[in-house]
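Chemist: Right, I'll just put the structure down here and ask away after.
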């Protein structure tokens, strides 16, 4: 099987003409992760100029390429890794989801310790190291699929396992060879901002990247510096795994600018839930230093109370940096002179055009939100414009989510935001205002059924925000399980020119029990000319 | 606390003027489950005639009442149980969801037996009896909420814990008192059809109702007669709990008329998955008799092969009837002379009007689909028409789902159905056609992440069906977790006059990882003028 590509021979490993299966790709990628030779999938018999070269084959580069190719254009992706898909399946979204699922299952097991069929969980400890290992052993199949799909189904051209050096706005160099295109599309992502304090180089200090690539011991006590989504998500996993975790944050969790549209009651439900599960959350504090044990291993984090300046030491063997990411734009700034913003983000317009003619930028490289939809749709937007369609993409508002041990999802305005803009705001929520969480096991559906019958206060929280005069839905919010997928479509419905009204919601066909109960709850009020809270 | 309602005194327990909390309702209902006195919540000071009396306070009666009340009408619900909400939170959807969640968690524990943090599951046995007990102890809080919400939030009037006798099309009698209304809305549901074979009265033979109300031993070996949704759902739970289960069905599972729109490949994935988990599925066989052990307990089911007539005995101590339900229409046929169909269903038009003037019927009483959306929207439809709005409800097509250990959801046409109607049908599916399930851990998201990294063949299956010329989506299909909620909105989008196109899908904002990958997969093809499978 492996001969397939070795047979291509010579310095250039070229699989352009070989139909390669997912299975074969897995082995090829595993092989090339240890090598420095590029993998070529380039139609050298095609003499047309490239419409675009995508520098970086992550979500944006791959989706942009797919769209450009589907439009009849010619494209080339270059990526430093031997696979397409970028950091998501390699280091970011996919391990995050794996760990968040582990957190959810571990949490369930702890609440039901010794009850029903669940074992005693008093001494339950999941190995973080083993979970990292499980992910690393398995991630190759997603890599393989990206390469396979991109080549066999999307007809893309690419060169992998080699960095691209940008020469000018039409030219890149790859392994000593120059490639030219009418346009460049830059999409090489971002990297964690490590706080500027002593000790971040100690053993035991990780961000989400090095956690995957370098973790080499079983953490026993964790301190997370920063209050980002990553902090909440990974912290919830560490805690659920049985590694006591403290989050150290300057601002209240989920009160950062990037997590807009979150009401205080929802925030409180989530943060209280984290505390209820044993996490320590220290807000209004900043890190001062990470100190070592003399052998190069982290052993404590010194923090300072931002109000009174007092300092405190948090003992730990594991420090996780969750202070956010910064676009990696230096190379492009130096070579092309692209304009960048305060945080290093390449500035683009709604066509994804940078300040340099024929150079587009997409994905995390243009700053927040560092979310998948923006990367992929940015790639698509660049492709459409390159192919002559003056298409604009506005990513200022979007559905958003994070995991604690729950899925937390929201789109549109919070109740508070809505009340600042409109006089007649009505909310439809569960539990209803004034009804304690422990009095009513709602919302509930798949994922919260067991809780509903043993711990009704753990089944979640949900809210829909309605403008009472137009009867339009302004926002949806949910803590629980199984509603995230739907928020994609709720976002779309709210964006329609006429939006979506409580009456239209009430006319839909629900699938009962549905994790968010918006359709049926809307129906219970839809009959009324004068809307009231529910 | 309990004095609150006892203080109302006399024969008539009247809580009309008492604001009663969820907590108080729980105790009141528990108390009245043992009594035969009615609970009155009737505004006797209001001298207006009722616009409608809803006979049956299940989903349809409650939602119809809510709508009618919101429209300014006056209504009365009468229900034989001391709570509103009907069979769903008492016997049907809610226990089904609880058991299906148990099945999912037990199944996960079995696959991961002795791996990661999971205990050895070799001898894992969950108690079915205990789960039934858990449900029964907890269901009161949903009951309480229904009563509370209906009274305090929806301003409904109702009489509970007493059956209504219909006198004529304007009159009912309740505990010796007559109530009159302009209209009657009948919604008293359906009941299991027991097969006409000897032995269904033996101890150990249950349907989903008597399972909840009467199970009194721990089943060790189960035979399910019938291949309905209920058979698949409860059977998957029994098997996952550790009670080996055989399903005995005339037709292939999921090939019944009520489960239309299911492609053979999806069906096969689901049924194979059930077999892979140890269930025995016997198709093309019919039950002949249930035989007892001489002490009145079921000990075997005799079945006959429908092709060759050969008989076989299946030893068991637990027989579960999953042959479907039949509307309970006798009383209405006798008293009112309403026209009924072949299977006892009350015949209604799209306004929910029966053959008798001023009499409407809703819910399971009018036959399949016996689903929540139809009950609730039927109630709403009756209410709108009663209040003078000539509103029509068409329930011939709808999103649908069932549970095995997975959530299986579908809406619109199957690939096969689409190909019968259109020349240019394109499918977008995961895994793609020709790629074995074990080669690619997709689809995956919350609920399948652990499987993705250990058992990629278990992560599910999905398919979108597209009409290639109009580019409209014709159907969506999903096996996995967390996509069910979204199908409500996919159904709505497909129903729009212009439908929803692959291009519009590709323009949406996904929340990655999303359980169904429809948005991003549509985007990968949306750029192309000539659509191809993906």
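Chemist: As a test of understanding, state the convex hull volume per residue of the stretch A:218-301 from its alpha carbons, in Å³.
Modeler: 91
Chemist: Taking 8 Å as the Cα distance limit and 6 or more residues as the minimum spacing, I'd like the relative contact order of the stretch B:147-210 as a percentage.
Modeler: Relative contact order, the stretch B:147-210: 15 percent.
Chemist: Please determine, in degrees from 0 to 90 and to the nearest 10, the orientation of helix B:229-241 with respect to the longest principal axis defined by the Cα atoms of chain B, where the helix direction is its Cα long axis.
Modeler: Rounded to the nearest ten degrees, it is 70.
Chemist: What ranking do A:373, B:135 get, fewest neighbouring Cβ atoms within 10 angstrom at the top?
Modeler: B:135, A:373
Chemist: Kindly state, as a whole number, the per residue volume in cubic angstrom of the convex hull around the alpha carbon atoms of the stretch A:83-147.
Modeler: 84
Chemist: Compute the distance from the alpha-carbon center of the stretch B:155-178 to that of the stretch B:326-357, in whole Å.
Modeler: 19
Chemist: Another question about this same structure. Expressed as a whole percent, how much of the Cα-Cα distance distribution for the stretch A:336-484 exceeds 21 Å?
Modeler: Of all Cα-Cα pairs in the stretch A:336-484, 60 percent lie more than 21 Å apart.
Chemist: Over the stretch B:272-347, how many percent of alpha carbon pairs lie in each 5 Å bin up to the one with the longest distance?
Modeler: Histogram of Cα-Cα distances, whole percents per bin: 3, 12, 15, 13, 13, 11, 12, 11, 7, 2, 0.
Chemist: Let me ask something additional. What percent do you get for the relative contact order of chain B when only Cα pairs under 8 Å and 6+ apart count?
Modeler: It rounds to 13 percent for chain B.
Chemist: Report the Rg/Rh value for the stretch B:176-225, based on alpha-carbon coordinates and the Kirkwood definition of Rh.
Modeler: Reported Rg/Rh, Kirkwood definition of Rh: 1.21.
Chemist: Distances from residue A:390 to the same position in the other copies: list them in nm, one decimal, shortest first, using label points 7 Å from Cα along Cα→Cβ.
Modeler: Ordered by increasing distance: 4.9 nm.
Chemist: Which log10 I(q)/I(0) values does the stretch B:141-211 give at q = 0.14 Å⁻¹ under the Debye formula, counting every alpha carbon as one identical point scatterer?
Modeler: The calculated log intensity ratios at q = 0.14 Å⁻¹ are -0.74.
Chemist: Taking only C-alpha pairs under 8 Å that are 6+ residues apart, what is the relative contact order of the stretch A:392-520 in percent?
Modeler: For the stretch A:392-520, the relative contact order is 27 percent.
Chemist: Give the angle, between 0 and 90 degrees and rounded to the nearest 10, that separates the Cα long axis of helix B:128-148 from the longest principal axis of the Cα atoms of chain B.
Modeler: 50
Chemist: May I pose another question? Kirkwood hydrodynamic radius (Cα pairs, Å) of the stretch B:15-69?
Modeler: Evaluated over the stretch B:15-69, this radius sits at 13.3 Å.
Chemist: Next question. What is the distance, in nm, between label points placed 7 Å from the Cα along the Cα-to-Cβ direction at residue B:136 and at residue A:33?
Modeler: That separation, rounded to one decimal, is 5.4 nm.
Chemist: Moving to a separate point now. Radius of gyration and Dmax for the stretch B:130-265's Cα atoms, expressed in Å?
Modeler: 20.2, 57
Chemist: Take residue B:307 and residue B:424, extend 7 Å from each Cα along the Cα→Cβ direction, and tell me the distance between the two endpoints in nm.
Modeler: 4.2
Chemist: For the stretch B:368-429, take N as its residue count and report Rg(C-alpha) divided by 2.2 N^0.38 Å.
Modeler: 1.56
Chemist: Taking the alpha-carbon set of the stretch B:408-470, what are its Rg and Dmax in Å?
Modeler: 13.7, 40
Chemist: Under the rule of -39500 (n - 2.57) per DSSP H run of 4 or more residues, summed and divided by the residues of chain A, what mean residue ellipticity at 222 nm is obtained, to the nearest 500 deg cm²/dmol?
Modeler: -9000 deg cm²/dmol
Chemist: Express in whole angstrom the spacing between the alpha-carbon centres of the stretch A:431-455 and the stretch A:494-534.
Modeler: That distance is 20 Å.
Chemist: Take the Cα atoms of chain A, build their convex hull, and give its volume per residue in Å³.
Modeler: Spread over its residues, the Cα hull of chain A gives 180 Å³ apiece.
Chemist: Follow-up question, since we're still on this one. Quick one: order B:51, A:503, B:485 by neighbouring beta-carbon count within 10 Å, fewest to most.
Modeler: With the fewest neighbours first, B:51, A:503, B:485 line up as A:503, B:51, B:485.
Chemist: Now for a different question. Taking the label point 7 Å from Cα in the Cβ direction, how far apart in nm is residue B:272 from each other copy of itself, listed shortest first?
Modeler: 4.7
Chemist: Give me B:170, A:96, B:477 ranked fewest to most by other Cβ atoms within 10 Å of their Cβ, as a rough exposure proxy.
Modeler: Ordered by Cβ neighbours within 10 Å, fewest first: B:170, A:96, B:477.
Chemist: When the Debye formula is applied to the Cα atoms of the stretch A:1-136, each taken as the same point scatterer, what base-10 log of I(q)/I(0) results at q = 0.14, 0.17, 0.21 Å⁻¹?
Modeler: -0.80, -1.01, -1.32
Chemist: Given N residues in the stretch A:116-167, what is its alpha carbon radius of gyration divided by 2.2 N^0.38 Å?
Modeler: After normalising by residue count via 2.2 N^0.38 Å, the value is 2.02.
Chemist: So what does the Cα-only Debye profile of the stretch B:36-96 read at q = 0.11, 0.29 Å⁻¹, as log10 I(q)/I(0), no solvent term?
Modeler: Values returned for q = 0.11, 0.29 Å⁻¹ are -0.28, -1.23.
Chemist: Can you pull the semi-axes for the protein assembly as shown, root of five times each eigenvalue of the Cα gyration tensor, sorted largest first, whole Å?
Modeler: 51, 32, 30
Chemist: Shifting gears a bit: The stretch B:186-330: percent of C-alpha pairs farther apart than 27 Å?
Modeler: Here the tail beyond 27 Å accounts for 20 percent of pairs.
Chemist: Tell me the Kirkwood hydrodynamic radius of the stretch B:161-200 in angstroms, computed as one over the mean inverse distance between distinct C-alpha pairs.
Modeler: About 12.7 Å for the stretch B:161-200.
Chemist: Moving on. If you build the Cα gyration tensor of the stretch A:276-424 and take the root of 5 times each eigenvalue, what three semi-axes come out, in whole angstrom, biggest first?
Modeler: Semi-axes (√(5λ), whole Å): 38, 25, 15.
Chemist: Where the centre of each part is set by its Cα atoms, how far does the stretch B:222-297 sit from the stretch A:237-272, in angstrom?
Modeler: 45
Chemist: Further question: Please work out the Kirkwood hydrodynamic radius for the stretch B:319-395, using every pair of different C-alpha atoms, and report it in angstroms with one decimal place.
Modeler: By the Kirkwood definition, the hydrodynamic radius is 12.9 Å.
Chemist: Provide an ascending nm list, one decimal, of label-point separations from residue B:130 to the equivalent residue in each further copy; define each label point as 7 Å from Cα along Cα→Cβ.
Modeler: In ascending order, 2.3 nm.
Chemist: Where the convex hull is taken over the Cα atoms of the stretch B:425-534, what is its projected area averaged over directions, in nm²?
Modeler: 6.5
Quick note: the coordinates plus some simple rules give every number you see, no bench work behind them. What you are looking at is a predicted structure, and each value in this text was computed from that prediction instead of being measured. Note: ideal-geometry Cβ built from the backbone for every residue, glycine included; neighbour counts use all protein chains shown.
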